[in-house]
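A quick write-up on the structure given underneath.
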Amino acid sequence: MKPLITIFKFLLNILYLFHKCFPVRNQLTIISRQQNEPSLDIMLIKERMEKEYPDVKTVILCKTIGSGIFAKLQYGLHMAGTQMHNIAVSKVVLLDGYCVTASILHHRKNLVILQMWHAMGCLKKFGKSILNMKEGSTDEIADAMNMHNGYTHFFASSSESLSFFADAFGYEKEKGIIAPLPRLDFLKSNELKNRKKEEILQSRVQYKDKSVILYAPTFRKNQKNDITDPVMELMKYIDTEKYILVLTPHPVMNTCDYTNIEGFFIENEYQTIEMMAVCDAVITDYSAIMFETAAAGIPTYLYTYDYADYTDSRGFYIDFETDVDLPKYKSAEKLISDIVEGEYDISRLEKFEKRFIDECDDATGRITSFIYEKIKKGGDQ
């Protein structure tokens, strides 16, 4: 595998030489392979850049790597063409995950590459922190693919999480910039949430006149991501006359087995963050979504039915039992009962937020002003 990767990197860098013949301009390129549509964070940054810095061109490239040879070939052409060209002519590149072309190519000296990870904070380990673990890559593949190499800086939501991101990316903490994700502005704005709520309810009649329970489980790499059993277990105890359970799945999650369950809906159009505008409670497990729910003040319940197995396969940066002081459940019956009961100690969410998300009145502006400063300096690192 390693010799093939070496040849692949060599060929891409040869091709990249032609792209680098084009002149650099005042351009920000945002690259994501999390989904095919821009995330809320990306859209907030794009809108602010266009409003306050019209002299900068903002290009968004969102494309997932699909399954099958044809889909992977398509992504390879996307990397060799659109991605490479826009990276070559940009002064700043912003990422929200690992990007092959950002890490393996030999870039111009002054190109600034910023990593804005797609989660508000660090809870479960990822990246270089889980090499050779069940849910991680091998150190050989990570080294061959230059995993997370080439970043000028990375963003972290708080000083508490700075060392976790540094460990995951393989950098010193000094490379980190304390800046919560732009989505914090949405979560803290009643105006923005109400506007999104009206939009969602207009297109989702099934949400009207019912309490919406959002189920947002974490990604499980080596468990086929079929969560039929926990969904069916939760649905046993939900009164479908009063409640609807809405799942916002990960793109590779298997949801084909339970698409016709009464009182259950799979939400593929609206992002998990957007759904917080209409939900009354959130069920998750080990997902970093709990940082967002804490910021939004939404009652959050942790369904940790597979805690032992998950800990063995990945692990956490913090003590999940003591540092995550949110209600945890092995029993779906008790979990749903407590949601119905409606008594929730919101102060536990407030303490959790205060520890892991720095206060920021304008999270979007903090990041866009940093980007523009780098562009004004000509991409100088």
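Can you put MET43, MET276, MET147 in order, fewest other beta carbons within 10 Å first?
MET43, MET147, MET276
Efficiency by 1/(1 + (r/R0)^6): what FRET value for PHE70 and ILE346, r their Cβ-Cβ distance, R0 = 51 Å, to the nearest 0.05?
For PHE70 and ILE346, the calculated efficiency is 0.55.
Could you work out how much longer the chain between SER189 and LYS376 gets when fully extended? Use 0.36 nm per residue separation minus the Cα distance between them, nm to one decimal.
Full extension of this stretch gives 64.3 nm more.
Is there a quick way to get the dipole size of the range 193-356? I mean about its Cα centre, with the Cβ of Lys and Arg at +1 and of Asp and Glu at -1; what is the value in debye to the nearest 20?
420 debye
Out of residues 5 or more away from CYS99 or on other chains, whose amide H comes under 5 Å of its own, with H placed 1.01 Å from N in the peptide plane?
HIS148
Pull out the extension gain between LYS210 and LYS334, defined as 0.36 nm times the separation in residues minus the alpha carbon to alpha carbon distance; nm, one decimal.
Extra length available between LYS210 and LYS334 comes to 42.6 nm.
Within the set LYS236/LYS330; LYS57/LYS377; LYS46/LYS175, which residue pairs have Cα atoms separated by over 18 Å?
LYS46/LYS175
Can you list residues from other chains, or at least 5 along the same chain, whose modelled amide H is less than 5 Å from the amide H of TYR215?
VAL246, LEU247, THR248, ILE283
Non-local amide H neighbours of GLY176 (under 5 Å, H modeled in plane, Pro and chain starts lacking H): which ones?
Close amide H contacts, sequence-distant or interchain: PHE154.
Positive end of the dipole of the chain, charges at C-beta (+1 Lys, Arg; -1 Asp, Glu), about the Cα centre: which of PHE8, VAL278, THR304 has its Cα farthest in that direction?
Checked the options; the winner is PHE8.
Would you indicate which of [x] 18.8; [y] 24.2; [z] 38.8 is the value of mean projected area of the Cα convex hull in nm² derived from the coordinates of this structure?
[x]
Find me the longest stretch of the chain that has none of the exposed GluC sites (Glu not before Pro), where exposed means in a DSSP loop (not H, G, I, E or B) with at most 15 other Cβ atoms within 10 Å.
1-171
Any chance you could tell me what percent of the C-alpha pair distances in the range 193-356 go past 18 Å?
Everything past 18 Å amounts to 59 percent.
Among TYR237, TYR215, which comes first, then next, by fewest other beta-carbon atoms within 10 Å?
Going from least to most buried by this count: TYR237, TYR215.
No value in this document is a laboratory result; all are computed from the given coordinates. From a predicted model like this one, the values you see are computed outputs, not experimental measurements. Using ideal geometry, Cβ is built from the backbone for each residue, glycine included, and neighbour counts are taken over all protein chains shown.
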